[in-house]
Amino acid sequence: MTKPTALRIIDGEQPDAELGRALPHNITAEQVVLGAMMLSPAALAEVRELLDGNEFYRPAHARIWETITTLADRGAPSDPLAVGAELGPDLTKTGGAPYLHTLVAQVPTAANAGYYAHMIRDLAYARTVVETGTRLIQLGQEATGESASNLRGAVTTEVAELSSADVRGWPNPVPLTTTATELPGFPLWTLPSWIGEYAASLAEVTQTPPDLAGCLALAVLAVAAGGKVWVQAPAWREPTNLFTVVVLPPGNRKSEVFRAICAPIVETEKSLITEAEPVIAGAVIARRVAEAEADRTAKAAENATGLDSTQKTLAITEAAEAKLALDAATVPPKPRLFSDDATVEGLTSLLCEQGGRMAVLSPEGEIFSIAAGRYSGAPNFAVLKKGHAGEEMRVDRMGRDSEHIEAATITLGICTQPGVLAELGATPQFRDQGLLGRLLYAVPHSLLGHRKHNPDPMPTDQETTYQTRVKALVLSLAKLPQPATLTFTPDAQNAITRLLAETEPRFRADGDLAHMTDWGGKLVGAVVRIAGLLHLAKHLRDGWNQPITADTFADARDIGEYFTAHAKAAYDAIGADPATADARAILTWTRNTGTARFAARDVQPPLRGRFKKVTDLDPALRVLETHGWIRRLPPPPRTGRGRPSAPMYEVYPSALDTSR
């Protein structure tokens with residue numbers, strides 16, 4: 001096949017002989033860009049992100065560009081005098097020294113360099129389109145005989161070069177979503193060896209993700225410590241209860257892992273009940289005696305109408321004292337450490353009778369459906385909000401005694417299915433009133449389809465050690481007469497302060513937690529709580545007498561980073577960030593329509609169902625900008641007093657590839 005004749009290079013503004021008109025170009029724009037580069041280092045840096053010098057229509061301009069950038073790379077000045085000296089013999093060919101000053105004189109303001117650089121880039125691409133079209137015509141005309149068999153491949157090559165994405169000046173965009181395959185696994189190595197090794201072996205035996213056993217192990221520690229131990233951070237105090245939620249599809253043996261991890265809690269509760277039975281029996285008898293005495297003295301007071309005033313007063317006083325004794329003769333409730341299914345009202349009553357401590361441990365997410373109003377018809381989760389923070393609760397209901405809890409602490413250890421996340425997002429109050437921000441999410445990758453049929457067995461000593469030590473921890477903390485407060489070593493205190501400083505910028509508009517500040521605002525507090533739990537697990541019987549070390553806090557911080565990554569994925573599944581969902585919709589629209597540049601007013605009409613007003617697009621556009629999927633183009637030069645032009649946005653080139 002005969003190679004097509006290459007298009008000749010045109011200097012100046014002479015028309016192309018074959019086309020009868022000049023190729024697309026703008027000499028003034030080229031002059032402004034070169035002049036701005038010689039005037040302003042900032043303009044020079046800006047246009048170099050967009051151009052490489054091949055986009056100039058005039059060869060003389062390309063030579064001047066090369067000279068300016070060469071000087072800049074050496075760190076030398078790039079003003080007209082320096083450029084003229086660097087050009088040397090080529091100065092005359094490029095128009096001479098007066099032309100360099102003409103370039104500078106063409107610049108109204110160096111701030112417009114980016115606008116004109118985009119124009120030059122677009123015109124260069126337009127010339128490439130024209131040249132490619134001419135080559136395609138030549139290929140078709142010359143395709144005879146044997147050369148025709150290669151035509152399709154030659155055309156494909158030409159078009160591929162023309163349609164390839166030009167990502168100069170673009171950073172790699174940050175995904176708008178987080179997929180489960182990218183999420184870290186639970187850092188079992190941060191747990192004390194006796195619990196971490198057991199969780200790892202349990203994950204192997206059941207062929208489940210380690211995340212499941214690891215998160216439930218934290219929940220078990222929180223059951224033991226919640227309401228009994230607080231942690232003193234630099235400027236605030238945290239309880240040691242947690243809200244953990246592990247999300248896995250059906251068939252992943254959640255119930256089996258749940259049963260094994262929670263077994264020592266069940267056994268310890270039985271032990272506490274057995275120990276309390278004699279005390280409860282004695283209290284029941286004492287109350288019956290008090291009731292009988294109260295009845296006797298009340299009747300005596302009623303029958304004292306015929307007696308003198310002194311005897312009447314004495315009878316009434318005895319009756320009042322007997323009634324007070326009856327009120328004081330309370331029967332302690334049967335000890336309970338957890339519930340697996342309770343209404344909001346039932347959970348509140350359990351909290352009250354158990355001294356403000358309770359846990360909900362369940363392989364299903366029923367508690368969220370109940371809180372969303374399954375039975376009441378309206379969302380009701382105040383007890384969960386207060387129970388997470390360890391706040392005081394006063395509950396008054398018609399027909400029932402008032403209930404008062406000085407410091408309510410609830411622990412959640414929930415295993416649930418992915419559909420529950422969507423249900424959480426379907427109840428706006430969960431986000432608006434802060435429940436979603438209190439949950440520590442784990443969204444592990446399912447092992448279904450990749451499980452071993454003959455996993456390694458559980459070492460007997462690991463299971464025995466785990467059960468024995470959990471029981472010891474629960475019993476030792478249950479017998480504390482008053483809640484204990486853990487403190488940190490000075491190094492650990494400094495580590496908390498550093499974490500606070502590093503976390504705060506993440507809430508800014510361009511931060512990774514900007515769309516989930518409700519969750520991120522509780523991150524440091526969650527790490528402090530986890531540090532307290534790890535400390536107690538290391539020091540089973542006397543942890544409250546020792547400060548938490550910096551090493552333990554570092555382990556807790558690693559767990560916090562794990563939960564942060566998974567919370568992002570959970571929020572994505574929940575759809576809790578409307579701006580991110582809107583950003584995806586805009587990106588899909590650009591891909592479906594092939595729109596490479598747009599203004600907000602271009603997006604709103606076709607997506608009117610999502611955006612009622614043009615200003616409604618602002619949060620989504622900010623998300624796309626901060627994630628690198630779009631960039632704002634420089635505005636055109638102002639020519640009068642009118643309103644400034646609406647911002648124009650350019651889409652990341654590869655985002656328009658419909659095959660992705």
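Quick notes
- Filtered residues of the range 538-554 (kept if aliphatic (A, V, I, L, M) and either at pLDDT 95 or above or touching a Gly at 6+ places or on another chain (Cβ under 6 Å) (or both)): I548, A550, A554
- The single condition from (1) over 19 Å from L421 (Cβ atoms); (2) open to solvent by 20 Å² or more (accessible area, probe 1.4 Å); (3) of a type in the set (A, V, I, L, M) that L183 fails is (1).
- Selection count, the range 247-268, where residues are open to solvent by 20 Å² or more (accessible area, probe 1.4 Å), closer than 24 Å to A565 by Cβ and part of a helix (DSSP H, G or I): 1
- Meets criteria (farther than 15 Å from H25 by Cα, without any contact (Cβ under 8 Å) to a residue 60 or more places away in the chain and more than 51 Å from the chain's Cα centre (by Cα)) for A45: no
- Restricting the first member to the range 85-105 and to residues that are more than 16 Å from V33 (Cβ to Cβ), and the second to residues that are aliphatic (A, V, I, L, M) and surrounded by 11 or more Cβ atoms within 10 Å (Cβ to Cβ), the beta-carbon pairs closer than 6 Å and six or more apart or on different chains are E86/L71.
- Subset of the range 303-313 (residues that are surrounded by 10 or more Cβ atoms within 10 Å (Cβ to Cβ), in a helix (DSSP H, G or I) and in contact with a helix residue (DSSP H, G or I) (Cβ under 8 Å, 6 or more places away or on another chain)): A304, Q311, K312
- Where a residue in the range 595-619 is small (G, A, S) and its partner, wherever it lies, is part of a helix (DSSP H, G or I) and surrounded by 14 or more Cβ atoms within 10 Å (Cβ to Cβ), with Cβ under 7 Å and at least six apart: A596/L656; A600/V614; A600/L617; A600/L621
Residue by residue, here is whether (1) open to solvent by less than 50 Å² (accessible area, probe 1.4 Å); (2) under 16 Å from G437 (Cβ atoms); (3) among the small types (G, A, S); (4) over 15 Å from the mean Cα position of the chain (by Cα) holds:
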| residue | (1), (2), (3), (4) |
| --- | --- |
| P490 | no, no, no, yes |
| T503 | yes, yes, no, no |
| K522 | no, yes, no, no |
| Q546 | no, no, no, yes |
| I559 | yes, no, no, no |
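- Among the candidates K471, K479, K522, K452, the residue that is without any contact (Cβ under 8 Å) to a residue 12 or more places away in the chain and of a type in the set (K, R) is uniquely K479.
- Given (1) under 22 Å from R591 (Cα atoms); (2) open to solvent by 70 Å² or more (accessible area, probe 1.4 Å); (3) at pLDDT below 90; (4) not charged (D, E, K, R), number of the condition P606 does not satisfy: (3)
- Whether a residue is part of a helix (DSSP H, G or I), small (G, A, S) and either within 30 Å of Q467 (Cβ to Cβ) or free of Cβ contacts under 8 Å to residues at least 12 places away in the same chain (or both) was assessed, and A126 does not pass this test.
- Residue within the range 236-244 that is surrounded by fewer than 24 Cβ atoms within 10 Å (Cβ to Cβ), outside any helix (DSSP H, G or I), touching a residue at least 60 places away in the same chain (Cβ under 8 Å) and of a type in the set (D, E) present: yes
- Residues within the range 332-356 that are farther than 23 Å from A263 by Cα, among the aliphatic types (A, V, I, L, M) and not in a helix (DSSP H, G or I), tallied: 0
The values are calculated or read from the model by the stated rules, or taken from the named source; none is laboratory data. These numbers were taken from a predicted model, which means no experiment stands behind them. No Cβ is skipped: glycine too gets one built from the backbone with ideal geometry, and neighbour counts run over all protein chains shown. Surface accessibility is based on the protein's heavy atoms, side chains included, excluding ligands, DNA and RNA. Shrake-Rupley method; radii C 1.70, N 1.55, O 1.52, S 1.80 Å.
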